[in-house]
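First comes the structure, then the notes that go with it.
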Amino acid sequence: LLETSYCAPSPISFESRDQPIMDDPTLEDYNLDEVAAAFQESMLGRASAFATDNILVPWGCDFAFSNAYIEFNNMDKLMNYIND
């Protein structure tokens, strides 16, 4: 179930269509909890379509990562939050 083909699932396409992760809780537009919850929901939906413990999470699209810093910085924020 790759609902976004091989592109990143929403809301984690930071370079092109989605807002960057704001991980400072003192900021008015803090959104880390919201992005992590949406990512988790997307992954649970994906996991339900597979009979394995592992799922593929493609994170790129045509011409993605032209500014890789944006993508990798936001990926790091998201993965650190989830792993904590």
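The values are calculated or read from the model by the stated rules, or taken from the named source; none is laboratory data. Remember, it's a predicted structure, so these values are computed and weren't measured experimentally. Don't worry about glycine lacking a Cβ; one is built from the backbone with ideal geometry, like all the others, and counts go over all protein chains shown. Each accessible area value is taken on the protein alone, full model and side chains, heavy atoms only, with ligands, DNA and RNA left out. Shrake-Rupley method; radii C 1.70, N 1.55, O 1.52, S 1.80 Å.
Data overview
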{"item": "Principal-axis tilt of helix 32-47 within the chain, Cα atoms, nearest 10 degrees", "result": "0 degrees"}
{"item": "In nm, spacing of pseudo-spin labels at residue 82 and residue 27 (7 Å Cα→C-beta vector)", "result": "2.0 nm"}
{"item": "Long-range amide H partners of residue 13 with built H, under 5 Å", "result": "18"}
{"item": "With every protein chain in place, the chain: carbon and sulfur % of accessible area (1.4 Å)", "result": "54 percent"}
{"item": "C-alpha long axis of helix 68-83 to longest principal axis of the chain, angle in °", "result": "80 degrees"}
{"item": "Residue among 68, 51, 39 farthest towards the positive dipole end of the chain, charges placed on Cβ", "result": "51"}
{"item": "Cα-based convex hull, segment 31-77, per residue volume (Å³, whole number)", "result": "93 Å³"}
{"item": "Probe 1.4 Å, protein heavy atoms only - accessible area per residue of the chain in square angstrom", "result": "67 Å²"}
{"item": "Normalised per residue, the volume of the convex hull around the Cα set of the chain (Å³)", "result": "92 Å³"}
